[in-house]
Structure formats: structure tokens, C-alpha cells
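Colleague: Quick one: structure below, then a few questions.
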Amino acid sequence: MQYGYFDDTRREYVITRPDTPLPWINYLGCEAYFGIISNTAGGYSFYRDARLRRVTRYRYNNVPLDCDGRYIYLRDNDTGTFWSPSWQPTRHNLEEYVCRHGLGYTVIGSVCKGVEAQTRYFVPLGESLEIWQLTLTNRREEVADLSIFSCVEFALWDAQDDATNFQRNFNTGEVEVEDGVIYHKTEYRERRNHFAYFACSEKPTGFDTQRDVFLGPYRGWDSPAAVERGQSFNSVAHGWSPIGSHHVKVRLKPGETRQVIFLLGYHENPKDRKFDPPGSQQINKETVKPITEKYLRPGVVDEAFEALCVYWDGLLSVYQVQTPDVHTNRMVNVWNAYQCVATFNLSRSASFFESGVGRGMGFRDSNQDVLGFAHAMPERARERILDLASTQLETGGAYHQYQPLTKRGNDEIGGDFNDDPLWLVLSVAAYLKETGDRSILDEPVVYESRPGTEQPLYEHLQRSIQYTLDRLGPHGLPLIGRADWNDCLNLNTFSDSPGESFQIATSRDGKVAESVFIGGLFVLAAREMAAIAGECGLAEDARRYLDEAAKIEAVVLEHGWDGEWFLRAYDDFGQKVGSRECEEGQIFIEPQGMCISAGIGLDDGQADRALASVKERLATPHGIVLHQPAYSRYYLHLGEISSYPPGYKENASVFCHTNPWIVIAETMLGNGDQAHDYYLRINPSAREGISEIHRCEPYVYAQMIAGRDAPTYGEAKNSWLTGTATWNYVAITQWILGIRPAYRGLQIAPVIPTDWPGFEVTRLFRGVTYHISVERAGKGNEVSLFVDGTRVEGDIVPSPAEDQTEVHVRVVLS
Ligand code: BGC
Ligand code: NOJ
């Protein structure tokens, strides 16, 4: 069953009924001001940091689901009937409803009582504000006498404090209203120099700023007293819960259309010019007025929208493909690429499943995210890499997370996730191959955000590698620390206290439990490091890293191979995890994917055997599950992984992030049919027809799909902010389609299904547009390259002459 459809030409997902199984969201903003918006206008906004600079309030896990949003109410002044044109919060029957989620914008349109209302929400480039562009059309035969009420609920900035510290916060809320603009200025009197504003292009007949006056006592968002009676109360908030609501009256003749613009924005004043007149407590509005005046003009708004579309066209045009498979095309060309940018912008902070207060920017997560967008925004990849590296510790270890507003490591979580530093090597390698910009390696970067500790980025990478080598366990495999990629495999925790964080509590010295996964990751990272050193002419370093990689590879093959697959780990007792000897959790997906990606076992058949075991034991129609058998009870020595009921999350769900590692491994063995088959099993577009089972958005990946041990097998959760986006993008674009940036040029090594006659790609790489046409002449993966008509040996298209901006490549696969 479907709740909408893909409009591929307009690059929109069109939702045709409001009651989707879950709120299906989109993101507004791509620089500093961001918002989440659902298909019924639910969601919230923030400036840079979803925790520390929350502009509007949102109550997660609310009833009804997804309340608090960017609300507009319409009221028929003749009959007193009112409704929400976005369906929520009044949930009146709408005669027509459509929500179009596009790239950086959402349009919600409906018809009710003969009034057509369409609202386009977006954040203009370069601004810290969002626009709600409301277009009303009277489809009745007679005049429509309408009231429009807008409404947002302001958050008191720190979302964590906002949701907990009521003894203070019910006293601090403050607003100003001037010329129809509502200013939210809680704490502006003291240490803040920022405020929010909510403006309207029409002169309002009234306003409200105190939530409980607007709603009326004991009422909810579905029946605000002001809307019901058809007149605002002109309330001014003193403490309690400040909101912004305008009341605008419009009379529309039959067929008449009117546009009303609302602006919700965030603004900072210079610290010494906060007040006007100086010495007063009134906001100095001189700095913000030019902005509001500008964007309340429809022509300017339309231009800003056009500019946003051009921006997204530019980002997506870097990689465009035409294959025989529609799901591949639309994910690569639009939605997967778009999701990669969302994960880059927001890491794991704000989604419908991430509350915005829990997790900032993850060191592992954000480094991996670089792999999915470095081609689209190389300058921002550079900046992100340097931000991440500056939270690294001098030991080479890393803070597990940092806050985007302060860019400082988060002390509450700390470090010791022993895989973390290695991901920095992978992100830098990806950036270097994409751009060829070796200057990044010389950038002086601090440790732990401490001035005076600057070392070149190259040194940070060396310490990342050394960090693993300094922490090898009894078998010579890397020690796992608090956890590796699998945050829930907590082999040193032994937690028996309810509520204790599995990843923070550590009760062992950590000198025994080892990770085969980190072994594989190390080999991959050390080989990347050797290549980086080689590119820099540091032959000695390159040799050393290759030696270290070979040593750990040998250890993995000796102590990390279980006979038919790679082991997962050794626990704190030195016992195997992920072995046929185990009662549960005999085989895990992660080491198979990572060890093979690192090139381990390719020569002697282990890789083939491991993948055959994956197929036999882990692959299901809904994707490949994390391990089998699922843990049926809690194991003190394994930690959070066994805390989840079987089939969910890290306990044997289809943890989608890991599936593309197997896809990559299959391509490395030349199995294009198997690789693309796995790719499609979790491809959201390919699952659109089972939306009633999948339940999450069909246009983006979710972190997990419940595994076969779960009662709700096939149900997805945690959509949007997941490394799944990046890894699937890498797997399809670089490994199946095989277009990979390499140090010496663009590599083209497709491993596609045997029944594909070929495909076409346009790829912008280092300023040159490559028009690539791949044709199948035989069933294999042998590549013959013709560059601008001339046969070239190997599979790398060498960089063209400096003035050449277009290259035509013909690839024959046989
Ligand atoms: C989740 C993991 C996540 C970890 C860190 C756990 O509860 O299951 O997926 O990585 O928390 O936030
Ligand atoms: C989600 C986390 O964001 C990611 O860092 C981790 O690798 C996976 N969960 C698996 O635990």
C-alpha cells in the first residue's frame, strides 16, 4: 500500500493523504538555520544546534502524534467553522490534500469548504529565517470572509532546559510586539544577544503571545479559543509559554487569490547594541528590519525560492545516472544524495527519532558522512574534517561527540570508542581522492579544542593509526574499548544497574576484549594511510603502514576466522563472540563486510565463504540482519546489544547501515547480481509499495528494519539520520556503478547486474564533467576504456589537459 508517489521530474515525493503511518518529514535549511517539517506541518526549528539554540518548541512522543508545528488556522467568519489546511492540529476532513516534500522545501495544499490553501515552507539561502508562503484561493461562488491565524510556540533556547526547568522557565518568557511583528526575547535582558521574530506581510487585526490565553484553559491546539471566537486576545506573555500568533482578516471574491507571507526568523545583535534606546530593555530592531522588510515581498520570496532550486540542482548535478532500474535512478539522482546532505548537516541530532538534545555530531558518524557528500560540497567537507580533527585527543583517541554550536567535545560522553579515530583516516582519504587538495594535510589543527596544541592534520591521522597499535589485546587484535561501530556491543560494561548508560559505564580495565571488526577497519584505514603517505612522497611512512596492515591482516586471519566466516570479537573472558561455538550470536554481519572491504580473505577463499555464510544465515527478503541467532535474553558480558528484544536495533534487526558493506564486498568479488539484489532489498523506493509494513518514509533510508525474529518483521524505524545514507550511496555509486574517485583520476569499474545492457553517468570531478557511457558486451566485469575515442589501458581515466572541461568516456564491459 502507498500513501503517495514519487514525482521524479520535479524531484518531489507527493503524499496524497495526511494520515501516514508516522509523520513523514523533510528538512528545511542547509546552512545555519534548520527545521524539521512533517506532512501535516508538524516539527520545529533551530539555529545551528538543535539542543542549544532551539527556536520553536516540540514535544516528542506526543498524543496525538506530531503536535507542535508551523500552524495556520482558517476560519470562515460567516459560519464560525475553522480548520487547519495542513490537517493537523484540527484534523477536519479536507476535500483535497497534498503534501509535496521537495529539496529543501515542503508545500502543503488542501481544499476545505471551497477554500484552497497552499503553503510553501522553505529557508532562503544565506538567511536565518524560514518563509511560509500561503496562497489562498476562493473556489466558492460567493465571497469568502476569512480569518487566518498563524501560530508557533517558542522554545526557550536550550531545549533540554526548556523541557525540564519549569520552576525558572515559567517566569522568564518575554516578548515584544511592534508593527505586527512578534519578537521572542526570553533571556535577552541578560546574557543572550539573540531573539526570534515572527512577521506577517498583512497588517494583523490582532495577535497573541501567551499560549494559554490563545488556547484557553484546558484546551489543545485543535480548538484554540482565539480561533473559535474569531478574534485574538492581544495577549502579552510574561513568563509561562510565549507563542507567536497573528490574526489576519481577508475577504476573497469568487475565484480571487491572495498571498500572505509569514516569516519566522532568528537574529543576533552586536553585544553592545542590544537595546534601543540604549539603556532601555527594548530590542534594537534596526538590524533586523531590513531583513523582514525584504522577505515580506512576494517577488523577493519567489526569487529566493528559485535560488534554492538552483542550489540543489547544482549539488545533485555532480552525479547523475540513467540505469534500467527506476529505484536506483531516483535514489542516486535525488533522494539518497539529498539524505546524505541531511546527515552531513545534522549528523544524528534532530529527526523524528533523535530528539535534538541527545546526540550532537558523532565523531564516527560525521566522518562517515563525509564519504557521502564530499563530491557535492568539497569545501564544507574540508571544514567538517578540520572541525572533527580539532576534537581529537592527543592520544589519538576522540571525543565520541561534539556540540555543533560550540564545536567542543561533549564531556558527558567522553571517548574510548576504539574505532572512532580510524574513521578520520577514511574521511580524509575520501576528501583527498575527490579533490586532490593535499594542502589539508598541512593544516595546523588543535587537539581537544585547545589552542597551542596545533599539529598538521597528517599528524592527527598518524596518531589515529597509532591509537589502535597502542591498544592491542591478547590475540594481537585491537581492543574494543567501550564499543566499536556497534555501540551496543559493550564488552567491558557489565551493567546491572537499571538506567545506567551502557556506553558510559565501564567496569573492566579493557585489556582483554578485542574486536575483529576494528581489525578489519584498521587494515582498511592503514592501507588508505599508506596511499596518502605515498601521494605525499613519504615512502618510508607508506611502507610502514602497509607493514602494519599486513600484520593485523595476518592476526585477523589467524585469530579472527571461524572456519566459515569472520569472528566478531573476544569478550572480557577471552571467549569468542560471533562464532559457531556460541549458543546465540554465532555470526555477525559487520566483520564480514569490513574485513572483505579491507581486502582480507580475497585471495584464499575466506571472503567467498564468508559471503556464502551471510547469504545462508543472515540474508532475508527485508534485508540482511545484523547477527543470528538473535539474543533471546540479557547477557551481562555483552551489554546493550542483548538489551533489545530479538529482531530490533542492534539485536538482529536489519541494521541498514551494514548492508551496503556486504554489497561492496559482493562487488569486490565480482558478483553484480547479488550486490544489486541486496541493494534493492532495503532501497526505500523499492519498498514504497509496502508502506503499511515499512511505515517510515519511502524516500529515505531508515536506520533499521525489524528483523525476522521480531513480531513486526519488515517495519522500519529511525529514518533520516543514519550512516545508512552514506554507505548505500557509496555502495551504489562507487561500487555497483563503479565510478570511484582515485588519486590519479576517475576510476570506472562497474559491477552491475548481468541483465543490464549498460547505463549512462554524468560525473563532475575536479572541475571536469565526465560523460560516461557503459555498454555490456559480455557477462563479466572486464573494463575496456575509450576516452574521447582513444583506448586507455586500465580502468582509470587520467586527468585531462588543464583547459579541457568535458570528457567523453565509453566503457565496454565483457
Ligand atoms: C543505540 C545505538 C546508538 C547508541 C548511541 C544505542 O541505544 O541502540 O544505535 O548508536 O545508543 O547513541
Ligand atoms: C547509531 C550510531 O549513530 C552509530 O554511530 C553506530 O555505529 C550505530 N548506531 C550502531 O550501533
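The values are calculated or read from the model by the stated rules, or taken from the named source; none is laboratory data. Being a predicted model, the structure only gives us computed values, none of them experimental. Please note: Cβ atoms are built from the backbone with ideal geometry, for glycine as well, and neighbour counts cover all protein chains shown.
Colleague: Out of everything in the range 494-510 that is within 14 Å of ligand 2 (Cβ to nearest atom) and surrounded by 18 or more Cβ atoms within 10 Å (Cβ to Cβ), what residue ends up being nearest to the chain's Cα centre (by Cα)?
Modeller: 503
Colleague: Check the range 666-681 and report whether any residue there is at positive phi and surrounded by fewer than 24 Cβ atoms within 10 Å (Cβ to Cβ).
Modeller: yes
Colleague: Would you call residue 544 basic (Lys, Arg), assigned to a helix (DSSP H, G or I), over 32 Å from the mean Cα position of the chain (by Cα) and away from ligand 1 (no atom under 16 Å from the Cβ)?
Modeller: yes
Colleague: So the check is Cβ under 6 Å with 6+ separation or different chains; which pairs have a first residue in the range 199-221 that's without any contact (Cβ under 8 Å) to a residue 24 or more places away in the chain and a second one that's not in a loop (DSSP other than H, G, I, E, B)?
Modeller: Partner pairs satisfying both residue conditions: 213/235; 216/225.
Colleague: Follow-up question, since we're still on this one. Any idea how many residues of the range 646-656 are within 16 Å of ligand 2 (Cβ to nearest atom) and surrounded by fewer than 24 Cβ atoms within 10 Å (Cβ to Cβ)?
Modeller: So the answer is 4.
Conditions (1) within 16 Å of ligand 1 (Cβ to nearest atom); (2) closer than 22 Å to residue 702 by Cα; (3) surrounded by fewer than 24 Cβ atoms within 10 Å (Cβ to Cβ); (4) touching a residue at least 60 places away in the same chain (Cβ under 8 Å), marked per residue:
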site: 337; (1), (2), (3), (4): no, yes, no, yes
site: 354; (1), (2), (3), (4): yes, yes, yes, yes
site: 363; (1), (2), (3), (4): yes, yes, no, yes
site: 370; (1), (2), (3), (4): no, yes, no, yes
site: 378; (1), (2), (3), (4): no, no, yes, no
site: 381; (1), (2), (3), (4): no, no, no, no
site: 396; (1), (2), (3), (4): no, no, no, yes
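Colleague: Looking at (1) surrounded by 22 or more Cβ atoms within 10 Å (Cβ to Cβ); (2) assigned to a helix (DSSP H, G or I); (3) away from ligand 1 (no atom under 16 Å from the Cβ); (4) among the β-branched types (Val, Ile, Thr), can you tell me which one residue 600 breaks?
Modeller: For residue 600, the failing item is (2).
Colleague: While we're on this one: Exactly one of (1) closer than 24 Å to residue 314 by Cα; (2) more than 14 Å from ligand 1 (Cβ to nearest atom); (3) of a type outside the set (Val, Ile, Thr) is unmet by residue 388. Its number?
Modeller: (1)
Colleague: Separate question: On the basis of being of a type outside the set (Gly, Ala, Ser), under 27 Å from residue 538 (Cα atoms), away from ligand 1 (no atom under 16 Å from the Cβ) and surrounded by fewer than 24 Cβ atoms within 10 Å (Cβ to Cβ), does residue 421 make the cut?
Modeller: When the stated conditions are applied, residue 421 does not pass them.
Colleague: While we're on this one: At least 1 residues that are more than 16 Å from ligand 1 (Cβ to nearest atom) and farther than 30 Å from residue 39 by Cβ in each: list the strands (runs of 3 or more DSSP E) lying fully within the range 662-748 that qualify.
Modeller: The strands (runs of 3 or more DSSP E) meeting that bar are 739-742, 745-748.
Colleague: I'd like to verify a number: residues in the range 561-578 that are buried (at least 19 other Cβ atoms within 10 Å of the Cβ), part of a loop (DSSP other than H, G, I, E, B) and over 33 Å from the mean Cα position of the chain (by Cα), how many?
Modeller: 2
Colleague: Return yes when residue 730 is within 16 Å of ligand 2 (Cβ to nearest atom) and either buried (at least 23 other Cβ atoms within 10 Å of the Cβ) or closer than 25 Å to residue 340 by Cα (or both) and no when it is not.
Modeller: Criteria met by residue 730.
Colleague: Now, a different point. Please indicate, with yes or no, whether at least one residue in the range 530-539 is under 18 Å from residue 468 (Cβ atoms), crowded, with 20+ Cβ neighbours inside 10 Å, within 16 Å of ligand 2 (Cβ to nearest atom) and of a type in the set (Gly, Ala, Ser).
Modeller: no
Colleague: Here's something else I'd like to know. Output the residues belonging to the range 343-363 that are in contact with a Phe, Trp or Tyr (Cβ under 7 Å, 6 or more places away or on another chain), within 12 Å of ligand 2 (Cβ to nearest atom) and of a type in the set (Gly, Ala, Ser).
Modeller: Hits for the range 343-363 are 351, 360.
Colleague: So is residue 310 exposed (fewer than 15 other Cβ atoms within 10 Å of the Cβ) and part of a helix (DSSP H, G or I) or not?
Modeller: yes
Colleague: Taking the criterion of being more than 23 Å from residue 575 (Cα to Cα) and either surrounded by fewer than 18 Cβ atoms within 10 Å (Cβ to Cβ) or within 14 Å of ligand 1 (Cβ to nearest atom) (or both), would at least one residue in the range 623-638 satisfy it?
Modeller: No, because not a single residue in the range 623-638 is more than 23 Å from residue 575 (Cα to Cα) and either surrounded by fewer than 18 Cβ atoms within 10 Å (Cβ to Cβ) or within 14 Å of ligand 1 (Cβ to nearest atom) (or both).
Colleague: Restrict the check to the range 455-462 and report whether at least one residue is more than 16 Å from ligand 2 (Cβ to nearest atom), assigned to a loop (DSSP other than H, G, I, E, B), out of contact with any Cys (no Cβ under 9 Å at 6 or more places or on another chain) and not aliphatic (A, V, I, L, M).
Modeller: no
Colleague: Whether any residue in the range 434-455 is within 25 Å of the chain's Cα centre (by Cα), at pLDDT 95 or above, small (Gly, Ala, Ser) and at negative phi is what I want to check.
Modeller: no
Colleague: Hey, can you tell me all the residues within the range 641-652 that are within 13 Å of residue 585 (Cβ to Cβ) and near ligand 1 (Cβ under 8 Å from one of its atoms)?
Modeller: Those that are within 13 Å of residue 585 (Cβ to Cβ) and near ligand 1 (Cβ under 8 Å from one of its atoms): 644, 650.
Colleague: Shifting gears a bit: Tell me, which strands (runs of 3 or more DSSP E) lie completely within the range 90-207 with 2 or more residues that are more than 30 Å from residue 331 (Cβ to Cβ) and of a type outside the set (Gly, Ala, Ser)?
Modeller: Fully inside the range 90-207 and qualifying: 105-112, 115-122, 129-138, 144-157, 175-178, 181-184, 194-200.
Yes or no, residue by residue, for (1) within 13 Å of ligand 2 (Cβ to nearest atom); (2) at pLDDT 95 or above; (3) basic (Lys, Arg):
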{"residue": "585", "(1), (2), (3)": "no, yes, no"}
{"residue": "589", "(1), (2), (3)": "yes, yes, no"}
{"residue": "604", "(1), (2), (3)": "no, no, no"}
{"residue": "614", "(1), (2), (3)": "no, yes, no"}
{"residue": "622", "(1), (2), (3)": "no, yes, no"}
{"residue": "637", "(1), (2), (3)": "no, yes, no"}
{"residue": "664", "(1), (2), (3)": "no, yes, no"}
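Colleague: Also, I was wondering about something else. Between 9, 40, which is in contact (Cβ under 8 Å) with a residue 60 or more places away in the chain, part of a loop (DSSP other than H, G, I, E, B), under 23 Å from residue 122 (Cβ atoms) and out of contact with any Leu (no Cβ under 9 Å at 6 or more places or on another chain)?
Modeller: Result: 40 is the single residue among 9, 40 that is in contact (Cβ under 8 Å) with a residue 60 or more places away in the chain, part of a loop (DSSP other than H, G, I, E, B), under 23 Å from residue 122 (Cβ atoms) and out of contact with any Leu (no Cβ under 9 Å at 6 or more places or on another chain).
Colleague: With the checklist (1) more than 30 Å from residue 369 (Cβ to Cβ); (2) more than 31 Å from the chain's Cα centre (by Cα); (3) at pLDDT 95 or above in hand, flag the one item residue 783 doesn't pass.
Modeller: Residue 783 satisfies every listed condition except (1).
Colleague: Just checking, does the range 307-318 include any residue being within 14 Å of ligand 2 (Cβ to nearest atom) and farther than 20 Å from residue 698 by Cα?
Modeller: Taking every residue of the range 307-318 in turn, none turns out to be within 14 Å of ligand 2 (Cβ to nearest atom) and farther than 20 Å from residue 698 by Cα.
Colleague: Still on this structure: I'd like the full set of residues that are free of Cβ contacts under 8 Å to residues at least 12 places away in the same chain and polar (S, T, N, Q), limited to the range 510-536.
Modeller: Passing the criteria: none in range.
Colleague: Name the single residue that is farthest from ligand 1 (Cβ to nearest atom) among those in the range 465-509 being in contact (Cβ under 8 Å) with a residue 40 or more places away in the chain and among the small types (Gly, Ala, Ser).
Modeller: The selected residue is 476.
Colleague: Return a yes/no flag: does the range 620-631 have any residue that is in contact with a His (Cβ under 8 Å, 6 or more places away or on another chain) and part of a loop (DSSP other than H, G, I, E, B).
Modeller: no
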